[in-house]
1. Just a yes or no: is a residue in the stretch A:87-105 without any contact (Cβ under 8 Å) to a residue 60 or more places away in the chain, within 28 Å of B:A47 (Cα to Cα) and in contact with a strand residue (DSSP E or B) (Cβ under 7 Å, 6 or more places away or on another chain)?
2. Working carefully through the options B:F117, B:F45, B:F98, find the one that is under 15 Å from B:L32 (Cα atoms) and either in contact with a helix residue (DSSP H, G or I) (Cβ under 9 Å, 6 or more places away or on another chain) or not β-branched (V, I, T) (or both).
3. For the structure I just gave you, tell me whether B:L23 is assigned to a helix (DSSP H, G or I), within 14 Å of another protein chain (Cβ to nearest Cβ) and either buried (at least 20 other Cβ atoms within 10 Å of the Cβ) or touching a His at 6+ places or on another chain (Cβ under 7 Å) (or both).
4. Give the residues of the stretch B:71-95 that are surrounded by fewer than 20 Cβ atoms within 10 Å (Cβ to Cβ) and either within 15 Å of B:Y52 (Cβ to Cβ) or touching a residue at least 60 places away in the same chain (Cβ under 8 Å) (or both), sorted by residue number.
5. Name the residue that is nearest to the other protein chains (Cβ to nearest Cβ), counting only residues in the stretch B:124-150 that are touching a Phe, Trp or Tyr at 6+ places or on another chain (Cβ under 9 Å) and not aromatic (F, W, Y).
6. Among what's in the stretch A:74-83 and is closer than 18 Å to A:K141 by Cα and either among the acidic types (D, E) or out of contact with any helix residue (DSSP H, G or I) (no Cβ under 7 Å at 6 or more places or on another chain) (or both), pick the residue that is surrounded by the fewest Cβ atoms within 10 Å (Cβ to Cβ).
7. Could you tell me how many of the residues in the stretch B:144-158 are within 16 Å of the chain's Cα centre (by Cα) and either outside any helix (DSSP H, G or I) or crowded, with 17+ Cβ neighbours inside 10 Å (or both)?
8. Report the residue count in the stretch B:103-124 for those that are buried (at least 22 other Cβ atoms within 10 Å of the Cβ), without any contact (Cβ under 8 Å) to a residue 60 or more places away in the chain and aliphatic (A, V, I, L, M).
Amino acid sequence: MKAVYKTLTQAVAIVVLATALSLGVNALRPDGLPLVEAKTSATRLDQGDGEISVKDAAMLFASGRAVFLDARSQFEFEQGHVQGAISLPPREFASQFQDIKPRLMGKEVVITYCDGERCLLSHALAEHLRGAGLKNVRVLKNGWTLWTTEKLPVEKGS
Amino acid sequence: MEAAKHSVLRLFREKWAVADVLLRLALAGILLAASAGKIMDPQGFSAVVRDYQILPSALIAPTAVILPWLELVLGILLLAGRMRLGTLLLVNALLLTFLGALIANYFRGIDVACGCFSTTREASSPMLWYIVRDGAFVALALGAAWAYRARLRRGLVD
């Protein structure tokens, strides 16, 4: 018990010391980080490499011209996704695409998305779709975050 | 017989002492190397923390500020051999947290820049390498804790 107590007190002391040091230095240095950050704007310009801005995506969504494909895991899809989106993780592409294909017909654009600036799933899915002969495929980069930040329609469940 | 027993015991003790010192210094080197770049470049490191997509945005800046200093303080304490119990607990907790974060993002399909020893956002190595490397660090840290405990139990250190 004594050793546990000693371990915990030391750990707390170290964390307090490091926190005090870091906050002190951060306050003094000219390139210190603001600890309370302003929210960054959600909109971004089309990168010209098969991506689409959230504004354009929202517009296509509102007019029903786009179908959204969710490249994240089934679990994340069920926690919440773009309203009307279809779940299609890239690794399931081969087994599920034929079932999904009819639902893409009659739409102008297929928009793939996942979550995060660096998430590659939506790009991988877009590549699969282009490989299957689809012409108008766009990636909504950082899609889920942007979509929810803009409070655009979402739904839960499978 | 008594002399033989004595020398065997001594060998055993020294084995733990050598392991203890070597592991401690190795960990100190890792932590100090890891903290330096992050302390120099808080902006870059906060971008890396954001890319991990694990913390809520309110916690990103404080984490980016405090974490490198915690690593620095732990590195110094390991070098100095002070507050060993608390230090080893925190080092193990930190490395396991990093491992968890890397593995979680590996399965989420998010290819993060490790941000382990540098703050550049370009993911230069595959995620699996980061995971294996951090696994090795965890093994070192657990070994250090084990060696120290062995010495404590034999009453070789206080």
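1. Of the stretch A:87-105, the ones without any contact (Cβ under 8 Å) to a residue 60 or more places away in the chain are A:88-105.
Subset that is within 28 Å of B:A47 (Cα to Cα): A:89-90.
Pick out the ones that are also in contact with a strand residue (DSSP E or B) (Cβ under 7 Å, 6 or more places away or on another chain) and you get none.
Checked against the condition, which is being without any contact (Cβ under 8 Å) to a residue 60 or more places away in the chain, within 28 Å of B:A47 (Cα to Cα) and in contact with a strand residue (DSSP E or B) (Cβ under 7 Å, 6 or more places away or on another chain), the stretch A:87-105 yields no hits at all.
2. Values: B:F45 fails: under 15 Å from B:L32 (Cα atoms); B:F98 fails: under 15 Å from B:L32 (Cα atoms).
None of the other options fit; the residue is B:F117.
3. Numbers: assigned to a helix (DSSP H, G or I): yes; within 14 Å of another protein chain (Cβ to nearest Cβ): no; either buried (at least 20 other Cβ atoms within 10 Å of the Cβ) or touching a His at 6+ places or on another chain (Cβ under 7 Å) (or both): yes.
Taking the combined requirement at face value, the residue does not satisfy it.
4. First pass over the stretch B:71-95, keeping only residues surrounded by fewer than 20 Cβ atoms within 10 Å (Cβ to Cβ): B:76, B:79-82, B:89, B:92-94.
Within the stretch B:71-95, just B:L94 meets the criteria.
5. Result: B:M127.
6. Initially, the stretch A:74-83 is screened for residues closer than 18 Å to A:K141 by Cα, giving A:76-77, A:80-83.
Then keep just the ones that are either among the acidic types (D, E) or out of contact with any helix residue (DSSP H, G or I) (no Cβ under 7 Å at 6 or more places or on another chain) (or both); that gives A:76-77, A:80-81, A:83.
Numbers: A:E76: 17, A:F77: 21, A:G80: 16, A:H81: 24, A:Q83: 12.
Checked the stretch A:74-83; the qualifying residue surrounded by the fewest Cβ atoms within 10 Å (Cβ to Cβ) is A:Q83.
7. Here is the first cut: in the stretch B:144-158, the ones within 16 Å of the chain's Cα centre (by Cα) are B:144-148.
Checking which are either outside any helix (DSSP H, G or I) or crowded, with 17+ Cβ neighbours inside 10 Å (or both) leaves us with B:144-145, B:147-148.
So the count comes out to 4.
8. Here the count works out to 1.
Read the figures in this text as sums done on the coordinates, not as results from a lab. On a predicted model such as this, the values are computed, not experimentally measured, just so you know. Backbone-built Cβ (ideal geometry, glycine too); neighbour counts: all protein chains shown.
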